[in-house]
Every structure is written in C-alpha cells, then in structure tokens.
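These notes concern the structure reproduced below.
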Protein chains: 2
Amino acid sequence: MRALLRILAAALTLAVTAPGRADEGMWMLHQLPELDAHLRAMGLQLSPKQIWDPATNTGLASAIPWLGGCTSSFVSPDGLIITNHHCAFGAVQMNSTPAHDYITDGFLAAGRAEELPARAQRVYVFKGYDDVTAKVRSAIAADAPPAQRIKALEAREKELVAGCEKSGLRCRVAEMYGGKSFYMFRQLEIRDVRLVYAPARAIGEFGGEVDNWMWPRHTGDYSFFRAYVGPDGKPADYSPANVPYKPDRFLKLAPAGVKDGDFTMIIGYPGRTMRYRIAALVAQDTEFGYPYQIKLLSDWMAVLDERAKTGKAVEIKVASAVKGLANAMKKYEGMVEGLTKEDLAGQRRVEEAKLQAWIDADPARKAKWGDVLPALDAQAARGATTRERDILVRYLPRAGSLLPAALTIVRWSQQSGKPDVDRDLGYQARDERTIRMRLTTMQRNLDLPTDRAVLTYFFRRAAALPAGQRLASLDAALAATGETGDAAVAALLDEILGKTSLTDEKTRLGLLGLDEAAVAAKHDPLLGFAIALRRDMQAIEDERKTEEGVLIELTPRYVDALAAFRGTPLYPDANSTIRFTDATVKGYSPRDGVYNEPFTTLPGVIAKCTGVEPFNCPKRLVAAYDKGAFGPYVAAPLGAVPACFLSTNDITGGNSGSPIMNGKGELVGLAFDGDYESMTSDYRFSNRLSRTINVDIRYVLWCMDYVDNAHALMREMGVEPSNK
Amino acid sequence: MRALLRILAAALTLAVTAPGRADEGMWMLHQLPELDAHLRAMGLQLSPKQIWDPATNTGLASAIPWLGGCTSSFVSPDGLIITNHHCAFGAVQMNSTPAHDYITDGFLAAGRAEELPARAQRVYVFKGYDDVTAKVRSAIAADAPPAQRIKALEAREKELVAGCEKSGLRCRVAEMYGGKSFYMFRQLEIRDVRLVYAPARAIGEFGGEVDNWMWPRHTGDYSFFRAYVGPDGKPADYSPANVPYKPDRFLKLAPAGVKDGDFTMIIGYPGRTMRYRIAALVAQDTEFGYPYQIKLLSDWMAVLDERAKTGKAVEIKVASAVKGLANAMKKYEGMVEGLTKEDLAGQRRVEEAKLQAWIDADPARKAKWGDVLPALDAQAARGATTRERDILVRYLPRAGSLLPAALTIVRWSQQSGKPDVDRDLGYQARDERTIRMRLTTMQRNLDLPTDRAVLTYFFRRAAALPAGQRLASLDAALAATGETGDAAVAALLDEILGKTSLTDEKTRLGLLGLDEAAVAAKHDPLLGFAIALRRDMQAIEDERKTEEGVLIELTPRYVDALAAFRGTPLYPDANSTIRFTDATVKGYSPRDGVYNEPFTTLPGVIAKCTGVEPFNCPKRLVAAYDKGAFGPYVAAPLGAVPACFLSTNDITGGNSGSPIMNGKGELVGLAFDGDYESMTSDYRFSNRLSRTINVDIRYVLWCMDYVDNAHALMREMGVEPSNK
C-alpha cells in the first residue's frame, strides 16, 4: 500500500503543467452558461445558445444524434450521418455474407438506391430536455418503505413519459446525481437507417485488439449511415419509398483540422461513469467485480473463438459479439490494473474520512449528513453477499440468442396484459416495436451449436454458485434431468434447445400476442425454463428495488454533502444523456522519459503495415500512398496527413463516434477511444493522463478521396475531391 | 521487399531535422584537427591537443583507460576509477559468496585496506600511438601467396611489438580499414586492480534484461575500482604493500550535468563495427549468422538456467556467464529484426551497384578497382560453405571451464618452444601472465556438472554438423566410445571430464611448463581430446589465414574506391582502439506518435519499483527518496534528479563505462547502452534513431550521497556531500 502511494507521489512530481481548470466534466447543456467565460477564453467562438437554446429547441446539438450506444453527426442536408466504423460494424456484419464480405472489403453504395438497410439501427435526434425533478420526487411519500419509493417513482416517470410521447417524440426521464435531479429528454426516433459507406476493416479497425486503447494509434474508425423517413417526413419502418431525413442542423467539416494546443469540444452521449462511487464499492469493483467478469468474458470469448474456427459463416455470425467481448475485457483489465496501481479505493477512503470529519465537526452538518456515509457503507456490504449470483444473472439475458429471446417473450407475456403505466420499463407498449425488431434481426446471427456452447458455459458456472446464491429454477431443471454435474447440463440443453420452436422467427413473433398462461400452454421446454428463471430474476430485481429505494434517499444527500465539502459545482455522472466536454489538443507522458505526441500520421500507418492482421493494410491504401498524392490533407507542422490525434476531452463509452469540433463547431474528427491510462477515468478523470483518441478528419477525407473514391459523399458534405 | 522499402520511405518522411553533419563517426584522435572547426561550433572548448597531443603524449585521453572489453575513467589523483556496474560485475561476482552476497547487496569498502582484489581485472592506461603502416606493409612481398602474406604480416607485427614493449609498456598493432593502415598502440598495463564500490544490483542493474537496450531507462550502471602499483610506481601483481597508482590526468566531475541540446563527447574503446561490410556478408549475417547464434545462445542459456536452479552457489557461479549470453542474444535478436526491417543488405546491394557502375564508367577507375567487388563477393560465397562449423568452433573455447583450459594448455605447449616471434598471437611470452591468471581465476566458477551440461549441448550440436564440415577429432572420439548418438556423447564426457585432473588448479598451472609431447604423455583424456581438437582448429585457422591474405589486398582497395566514390573522409571501423565521438543530448521518435525524451528521472525510478526483480528497488533507495532530500542534484528543467539521458554519440560494445563529457572535458555521466533502434548501428549509424544511453552523474552522486553514504569517495573526487 505504501509502495502504491509512493508511485502516486512520484506521478504527481512528474506533472509538468498545473492547468487552470481541469478539462474534467461531462456537462449538461444547461450548465454551459456557467462555463461561458472559461470556454470563450479557451477558444470557443459559439455562445451557449448557439450550442443549444432551450427556448427555441434549436442549436448545434440537434446535429448530433444518439445511435443507442454510440454518438453520430449529421453531415449533410440529406440525412448523411458520420460515426465510428466500430459503431456501424453490426450493420456491416448484418449485410455481409461469405460471398459479399463487406467486413473485410468495406462497402460503398454506388448510389442512394444501393444503400443497405441497417435494420437493427435507430437514430435518435436530440429535441431538448426539461427539469422534472419536482414532478418526479413529489411522487414519493415521505414515509414510504424503500421498495415502494421506487415503484412510485417509476410509475410517475412512466406517466410523465406517456404524456411527453403524445408529441410523437421518444421521451425518457433520466436521473442525475443518484436521484437528486430528474430530466425529461426528448428525441426523434428514426427507424429506417441505411449503411452508406464503410472502409475496409483494415482501415476502420486497423490495429484491432492489439492497438485498442493504445497510443500511438492509426485507425480510420469512421463509417457513414443515412437516415430515412416516410414521404410525409415522419419516422417510418424501412421502405424503398422512404426519403432522406432533412435534419434541422448538420455539421460543416473543417478540412484544415486542428493543431497541437487548439481548443476542441465534443458533444455526445457518454454511457456511464462512477465519479462519486464510494470507497467500499470501488474496492469491491477492484477486488471482485472486474476480476470475476474478466474471467467470465475471457471464457465466453474462448467459446466463441472455438466456434468461429468451424467456418466462415459462423465466424461472421459471432464476429460482432467477439469484438464486444474483447473490448469489454481489455477495458476491465485496464480498470483493475489502473484502480490497483492508483489505489483509488484507498484514496477515496481518505477523502471520505476527511468528509466525515468535516461533517462531524459541525452539529448542523452532523444532523443533516452524519448518517449518510455509514449508511452507504452498510448498503455496500449487504450488496456484496450475493455478488457472484448478481453478476451472472446480469449476463444470462445476453447469453446467446435463444434464451434471451425466451426471456423477452416470457416477460412480455407477463407485462402486456397490465395497464401500460404499471408495466416494467422496457416492456411497455412503446417498446413493442423494438422488441419485435430484436426478435426478428436475431435470426441473422442465430447458430444453434453456438448457443449450446455458450449456455453450456453459463449453466455450468451458475450450477456452481455458492449456497445462499443458488438459482432455484436452474437447480430444479438440472435435477429433473436425472443426471448430475456436466451430464445434467448437457441433458437440460438437449431438452430446452433440442426441442424448442423458438429457432423459427414467425413462431417467436407469434408468441408476442399471448399472455403468460398461453405461453406456458405451448409446452415449449425453453419457454418453460425461461418462466421459471424469470421467477428467480424477478425476486432478484425486487431485492434490487429495495436497495435502490434506500439509495434514492441517501445518494442525493451524499452528493449535497460532497458539493458543500468541496465547495465546487459538480457535473452529474454519465447516463447516456447528451453532454458537452471542452478540451485541448494535447499529448501526454505515459511514463517517465516518454512523451506521446498529439498526432500520428499516414506514414505511420504505412510503417505499421506488416501485412499480418490486424496490420494488414488494404492494397488500395498502400497503392494510393505510393502514388504520393495527398491533396490538401497534409498538416504543415507534421509534413504529412495526420491519422489520429489526442485531446483532453472527458469522454467514456457511448461517446464513440462523437464529433470533435473546433471553436466554430466544425467537425475536425471523430472520437473513438481513450488512451490506456484513461481506462480508470470512469472513476476519476486525470488531466495529466486521460486522453480522448480521435480519428482526424483529414485522414477520413484522404481515405475517401484517394483510397475509396467516395467523391459523391465528399461533395455532399461540401468538400471538393482532389483526386480527379 | 517493396513493403520494406516503403517502411524506409515512411521513416525518412518522418525525419524532422536534417542535421548539418551526422554525429556518426568513431574518430581516431589524430583525426581531430580535421574536425576542429565543427567541434568548436558544436560546443567543444578544448583544442585537439588538449584531448591528445602526440608530441608530448599527454592529454585528456590519458585519463581514460581501457578495461579490456570496457572503458573507464580516472576520477581522482589516487587512481580511483569509475566504470559501469556491468563492467565491474565479474569482480563483484568473484568476491561474492552466499554469505557475502555483494551482487545483491552491493559493496562499499570501509577504507582502502578493505578494497577487494579484482584478480581477473586489468587496467590499460593509454600512452599514445604511431602510424606503422609502411613498416608493416613492407613485410608483404608483392607476389606472396595469400596465406604467406598474413604470416609475413604477423611476423612483422610481432617484431614491432617486441621492440615497442622494451619500454615496459604493452603494445599492439591495430589494423584500420581492413589493412589499409596500421597503428602501434601503447598502454600501461596495471595488474593490481581492486573493487572499491558497487551499488546494489537493483540499482546498478535496475531493469535487468527487461530494460536492457531499452528506453526509458533507469539504471544506475556505475561502479568504482582503484588501480594499484608497486611501491616503485611500476605495475605489479597484487600485494598488500602496493600503493595507489597516480595517473597523469584524471577527469573532473561536472555535478551540474547537461541539459537537452548540450554538446557531449565520449572517448572510449569501441569493440567492433562493420560499417563497410559488403552486401553479401550483411545478407549472410542477417539470414544465417545471427539466427544460428541466437539459437545457440538461447539453448546455452537454458542449460545454465537449469543449473542455477540447483542452488545459490551454482547460481553465483553461472551469473556472469548468463548475463553475457542474455546480453548478446538480445543484441543479435535486435540486429536480425533491424537488419531485416531496414533491408540493409538490399540497400548495400543498391549502393554497391552504383559504386560498380561508377567504377566501370571510367577506364582508369575500372583498371584500378573493377575487380574488387566481384572478388569480395566470391570470397563471401566461399566463406559460406562452412558457416555452421565456423561458428560452432568459435564457441568451443568458451564452452564451460575445463575444455577451454585444456585447449589453452595444449596450444601453449605447442607454441612455447618456438622463438617468440614465431608464436601465435596471444601465445607469446608476453601473454604468459594473462594465461596463468585465467587458469587460476577459473577455479572460482568451476562447476563440473555445469561443464558437463554445457559440453553435452555443444558436442551434440557438433556431432550433427553436415558432411564437409565435420570435426574429425570429435567423430573419432565419439566412435571410440563404442556407442552412438547421445549415448556416445555421454560416454565421451564420462571419459574426458570424469577422468581429467584439470579440475585441480595446481595441475593446470604445472602443465604450462611442458611441451606438447610431455602434455600428451600425461594421458589425461581431456588433454588428449584437446590435442586432437586443436588439430582440427588449426586447420580451420589456416584456411582462414588464406582468406585473410586475399582480403588484406582487396579491402584497402575497396575502401579507397568507396572514399573516392563518396567524396568524404572515412573513419575506420571500431577495433578496441581509442576513439572519439561528439554528439548532442537529444531524444528521438522511435515510432510515429511517440517521442522518447532525452532524460529520465529519479521519480521515474521510484515509479518503476514493483518490488519484483528486476524492478526490486533497494529499501535504502526508497527510504532515501521518501525523505525528500535531493541536494544539488535536481535538474531545474525537470524538477527532479535526472537518472539517465540520451545522446547522439556513435558508440558500440566496448564503450561501456566510457565517460560522457561536456565541452570542457568534465564528466557528466557514463555511457552504458544503446537504444533498441541502434542495435544495427554496428552496420549503419542513424542520426535519427541511434542513441547512446548514459547514466547521469547527478544520479550517481545522489545514490552515493543519500543512498550508500559513499562520502569519502565523493570527497576524493572533489565533490562535497550534502547528506550530512
């Protein structure tokens, strides 16, 4: 422990600059006026209202849609969307076959008619948000028991959402600071999304898992979609008759890019941070949560890798899942390494001790907050008693294709008969379309032997859970086989996968109209098992609601105490709502004696081309480079086309594909990753070490211009090609 | 091939600065007047004569003795010598026992009387050199056949050396540019050398094999010897009555060190470079020579590692050998990687084609040099036909302790009866002392099971040599066992190691007085085998002499042609003679997007302390750091004590321990390594990528002052300690 603190001391000694204000902060748009003076000084040339004006519901932010897990930008008046290659990867994969391997070769639509449907993809256009804290919190009776609090809160939220969605928009209540504030976010949901252009994987994913989270980076992580709506201009399901969506705003490109030290900003939808997580939970994550999940993900990936070896068709089916697992695993490994090295739990413990002392030092403060930290600690200790089970159960609805489908169908059958406002979140009438879509598109990647292999792994893990954390449903089902151990798992899978009819798309969709009794009456063994499993899961969710009910009272008080103690305004943790982060183009020193420069270059891409995956540069890229024509994309200070660059923006997963913009709000690149040293930034942002990795717009344009001849798209974005 | 050239093109594009003159060049001291203007402009404040004045045989260079494989500096009027820890490692190891583990703990003599004899160590003080080209080359008759040329040349050299050594100095004729010039070097050989101070291995070798050849580097690679002479001031064998040697000159320390961009110079004894090696030989090295030796070294090291596991005593005995093997292996691996990546053979081929075209374009040039390159190529092709055997035979005199001793004794017995001038180099009367010392000190590391394991490996390799390259002696000895395959090797080793008396030190030394017949009459099976093996080796050496006889005529002509073609003066390849290299303190970009800064720091050392070897910082270093006292050793621009720094000096193995000096000739650090990217610099120096890694004198002083309390030594060097 002392050694670890010493490392930190050393790290602090090494810090060269002491920034005026850290670039930390994923700010809500209504907080921008508070930051205005600072932002102007840094180089922002837009007013807060130009970014977003709540009075008129207009501004730059409307050009930046959420993709559900990723961020994107409109870049033409005809609904052209730019995002990361890894965000479009699912759509590329869905459209690939062994004969048309768009994953490897890339895809460029010859014209609008040739754009390929990205059926699982949605585009959510930002339409503004309102503070609904008073309306939400007033639903909670002062003396309500914990579980009741959450039920009341959810009911009120659903009520408000239903009211909001009468506008035809998609609405969501998002909780900030653990329930201190609530906001209603409005989005236009576009359902006809098409793949327009993706470069070859060896550009879009150049460096693959080797370079993932790493600097120096040379990945052309960009792709294009187009949003379509019905001829009436309203969102519609895919139809050849649909027309391109006309966004209120789209981003202009800045082909001149940025240079070292320039101001940058990112607007996007960061998924989740834990910046206010208490020490006890950080310690649990570090010591158990991540290590346990790393083992699980690594085993799962090994199962899929084995399956991929059986042929190209299976390889394509599991490609997207493998990519996701590998990415999560690397992140968790980095987290454990970083959290351990920095001893973040220990540091938080020190800060909490100071906070408690400060609270206790004043009778008024003690009365107000004296019980908060001890109560939060007690809550954390309670949660740890079922930690293996809780993690495993979270993964079951993602384990393969068929069990997740059965769980969805069963839950829908339980919920669909109730009044809409009483139904579980995600299982209301408004969710039916998404669920149908999921039950349809899953057919594409369905592979029964893969499902069996994955469930074999998960059932064996679940069957080995310690006493007090057992899943009664699984125990019963295994016992019913008359076998024991691995033989019981095999027999159960023979039964539930061998005899299910859910492999048929029509059957799955047909089940959606039925209530639970009718579903049970089908006597499909997989559905029967899912009904029992849902019972276990429901009990766990009820326990969780009780915990949340306690936290919804404690956490806001903790945040209040922390804000008062620190004496600074706080920004809320990321939760997939729209956020703003300002920054500077800037390198960093990952360790003593080494400086990671802020830019990489196209010659650096070429120098990495070994011909061996993931460094197997496409021949047409190498040929284009060898011609020596680089157009206007050369950055003078580098003497070369920049490939990627670093900025101090504060982002996390969900920000992938986010536009990184100059002070005028022009697109200079796309955020696509963080550096290895920023893996722990979900817990704590480091101005010295946390960096966003962006693909430079000049590299995107050079590839479009000289490698892929995507000239029509360039012109659509207002950039005249040079390679004529 | 194209891909490789492309990488080079990319590398060239990345080069940021175009230096006026490259820092390439290991210059002979008499070449300094030619460089004077340039050196003054760069920052040198000394005249060539202050560095070395051949008229008076005085100058800075006399403060810089050769250690036989390493370089060192006198740093006090009492013969105190500073060099690298890895150069003193053998002496530390020789004095270590499981009870007194100076390797791990370090050693600091409490006073002069406690200094430990470094019995295998010699100190060679530079005393000047003369051009003897005319005298040497006149020995070769114009029409002499190749083998005869070399014999005549060697006879003349020995004659000249004998004449020179009448002065009491040690003399050596060194050949430059493959025999174009010859110089007689004079050195005072000091035989009583003592270990004064070595830091703990975890300082002196911090980072070990992991960091070897790497940047960032944090190794405190320094140690101290003291030279002693007889009370009469003349070199003498070890005796308690001896007194410290008083050098003509010693280096002053510059505790203020250097900063980024400063001028630096290094004087030292670089071992071997191949800057003028022809393409065909570079290709042979890349494709066969290094890969074959890497396999051999790695197997050998595995054998020693296995032995080291059997106990601390054996571990200590093999430690120095393992270190040497590991270092060589890493270097060869880096060579293969670098030579392949840069396609140096291909590049040389291109240059040679141009050279040939230039020669052929002019009748006079063609008459003079037209045949040189084809003849060199033919020679290279001939050499390749016995490549496996030639490499293996080079390693046998180093395989363990006993076979090398037997080979030495036998060769001595064959040579000692001849007139001195006819004896082989290294086996003349002047060499007897060194040979006796070797046969004595080997006892320290002798371990019969280790010898057996090493010879088992080498004999098996030799027994598997292809037809046409067989060793008749080994074949006969194996056949004589009546066994075949591995059983024959085992039986042979039973015989020659099991029944030899060479394990006894007195016996070995006693044999030195006998002629070959008397040695044979001992009927010691190991000596008998060595006599037969020497016959094979002698035949191989005779073949080699014929080759050399051809080259001694061709190479000077090749160098002349090359110099005329390039139009620039050339410096000779390194050959363990004294050289000068000037440079700048400077970082470099190892790859696109990364910059290796010129300095590392003490906080960086601490940040690397994982507690696990080779990053197991000594407790007293960590404790000293934690106290936060750094005296005057902090470098203002870094805000910390510098640990190591980079310079563009052109060095190679043999330069280890060399003083790196500022423009006034003051010591600012010790060279101890090159960066990974400079591994191929023995073939070609790259101003962009080749760097010398130096330990900063400020880190040395901080360790002496605050960690090891080596205050008396500091005062002896004229530096007042701060930690009082």
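When you scan the range B:423-438, do you find a residue that is of a type in the set (Gly, Ala, Ser) and in contact (Cβ under 8 Å) with a residue 60 or more places away in the chain, even just one? Spell out how you get there, then give the answer.
Within the range B:423-438, the subset of a type in the set (Gly, Ala, Ser) is B:426, B:429.
This time we only want the ones that are in contact (Cβ under 8 Å) with a residue 60 or more places away in the chain, so: none.
Within the range B:423-438 (the criterion being of a type in the set (Gly, Ala, Ser) and in contact (Cβ under 8 Å) with a residue 60 or more places away in the chain), the answer is no, since none of the residues qualifies.
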Here the residues within the range A:494-517 that are part of a helix (DSSP H, G or I), crowded, with 18+ Cβ neighbours inside 10 Å and not charged (D, E, K, R) are A:ILE496, A:LEU497, A:LEU511
Return the residue satisfying two criteria in turn: it lies in the range B:302-355 and is farther than 26 Å from B:MET442 by Cα and of a type in the set (Ser, Thr, Tyr), and of such residues it is surrounded by the fewest Cβ atoms within 10 Å (Cβ to Cβ).
B:THR340
Can you run down the residue pairs with Cβ atoms below 8 Å, 6 or more apart or on separate chains, where the first is in the range A:284-301 and touching a residue at least 12 places away in the same chain (Cβ under 8 Å) and part of a helix (DSSP H, G or I) and the partner is of a type in the set (S, T, N, Q) and surrounded by fewer than 20 Cβ atoms within 10 Å (Cβ to Cβ)?
A:THR286/A:THR340
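Looking at the range A:570-596, which of its residues are part of a strand (DSSP E or B) and in contact (Cβ under 8 Å) with a residue 60 or more places away in the chain?
Step one: filter the range A:570-596 for residues part of a strand (DSSP E or B), giving A:579-585, A:588-591, A:594-596.
Within the range A:570-596, A:ARG579, A:PHE580, A:THR581, A:ASP582, A:ALA583, A:THR584, A:VAL585, A:TYR588, A:SER589, A:PRO590, A:ASN596 qualify.
With the condition being closer than 20 Å to A:ASN709 by Cβ, I'd like the helices (runs of 4 or more DSSP H) fully within the range A:68-170 carrying at least 2 qualifying residues.
On the way: elements: A:85-94, A:102-105, A:133-137, A:146-165.
Counting at least 2 such residues, we get A:85-94, A:102-105.
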Might you check whether a residue that is surrounded by fewer than 23 Cβ atoms within 10 Å (Cβ to Cβ), among the small types (Gly, Ala, Ser), over 26 Å from the mean Cα position of the chain (by Cα) and farther than 16 Å from B:TRP213 by Cβ occurs anywhere in the range B:717-724?
yes
For B:VAL612, only one of the following conditions fails: (1) within 14 Å of chain A (Cβ to nearest Cβ); (2) at pLDDT 95 or above. What is its number?
(2)
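Yes/no per residue for (1) surrounded by 17 or more Cβ atoms within 10 Å (Cβ to Cβ); (2) assigned by TED's automatic domain parsing to the domain that holds A:PHE685; (3) over 26 Å from the mean Cα position of the chain (by Cα):
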{"residue": "A:LEU527", "(1), (2), (3)": "yes, no, yes"}
{"residue": "A:ILE531", "(1), (2), (3)": "yes, no, yes"}
{"residue": "A:ARG544", "(1), (2), (3)": "no, no, no"}
{"residue": "A:LEU562", "(1), (2), (3)": "yes, no, yes"}
{"residue": "A:THR581", "(1), (2), (3)": "yes, yes, no"}
{"residue": "A:THR584", "(1), (2), (3)": "yes, yes, no"}
Enumeration of residues in the range A:22-51 that are part of a loop (DSSP other than H, G, I, E, B) and either under 25 Å from A:SER681 (Cβ atoms) or at pLDDT below 95 (or both):
A:ALA22, A:ASP23, A:GLU24, A:GLY25, A:MET26, A:MET28, A:GLY43, A:LEU44
Considering only residues of the range B:566-585 that are under 23 Å from B:ILE359 (Cβ atoms) and at pLDDT 95 or above, which is nearest to the other protein chains (Cβ to nearest Cβ)?
B:ASP573
Out of everything in the range B:195-228 that is over 24 Å from B:ALA710 (Cβ atoms) and in contact with a Gly (Cβ under 8 Å, 6 or more places away or on another chain), what residue ends up being nearest to the other protein chains (Cβ to nearest Cβ)?
B:PRO216
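So which strands (runs of 3 or more DSSP E) stay within the range B:615-713 end to end and still have 1 or more residues that are in contact (Cβ under 8 Å) with a residue 40 or more places away in the chain and within 14 Å of another protein chain (Cβ to nearest Cβ)?
Details: elements: B:642-647, B:659-661, B:667-674, B:692-696.
In the range B:615-713, B:642-647, B:667-674, B:692-696 are the strands (runs of 3 or more DSSP E) which contain 1 or more residues that are in contact (Cβ under 8 Å) with a residue 40 or more places away in the chain and within 14 Å of another protein chain (Cβ to nearest Cβ).
Which of the helices (runs of 4 or more DSSP H) found entirely inside the range B:359-473 contain at least 3 residues meeting this: over 29 Å from the mean Cα position of the chain (by Cα) and surrounded by fewer than 19 Cβ atoms within 10 Å (Cβ to Cβ)? Before the answer, list the steps.
Values: elements: B:363-369, B:372-384, B:387-395, B:402-415, B:432-441, B:448-463.
Answer list for the range B:359-473: B:363-369, B:372-384.
Mind telling me which of the residues A:ARG557, A:ARG535 ends up being in contact with a Phe, Trp or Tyr (Cβ under 8 Å, 6 or more places away or on another chain) and surrounded by fewer than 20 Cβ atoms within 10 Å (Cβ to Cβ)? Walk me through how you get there before you give the answer.
On the way: A:ARG535 fails: in contact with a Phe, Trp or Tyr (Cβ under 8 Å, 6 or more places away or on another chain).
From the options A:ARG557, A:ARG535, the qualifying one is A:ARG557.
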In the set A:TYR124, A:TYR129, which member is among the hydroxyl-bearing types (Ser, Thr, Tyr), over 18 Å from A:PRO199 (Cβ atoms) and in contact with a Pro (Cβ under 7 Å, 6 or more places away or on another chain)?
A:TYR124
Considering residues that are more than 8 Å from every other protein chain (Cβ to nearest Cβ) and either more than 26 Å from the chain's Cα centre (by Cα) or over 14 Å from B:SER678 (Cβ atoms) (or both), the number found within the range B:586-601 is 1
Residue within the range A:489-500 that is under 29 Å from the mean Cα position of the chain (by Cα) and within 18 Å of A:ARG534 (Cβ to Cβ) present:
no
Can you say whether A:GLU516 is acidic (Asp, Glu) and within 33 Å of the chain's Cα centre (by Cα), as far as the supplied structure shows?
yes
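The values are calculated or read from the model by the stated rules, or taken from the named source; none is laboratory data. This one's a predicted model, so the numbers in the text were calculated from it and none came from an experiment. Here the Cβ is made from the backbone with ideal geometry for all residues, glycine too, and neighbour counts use every protein chain on show.
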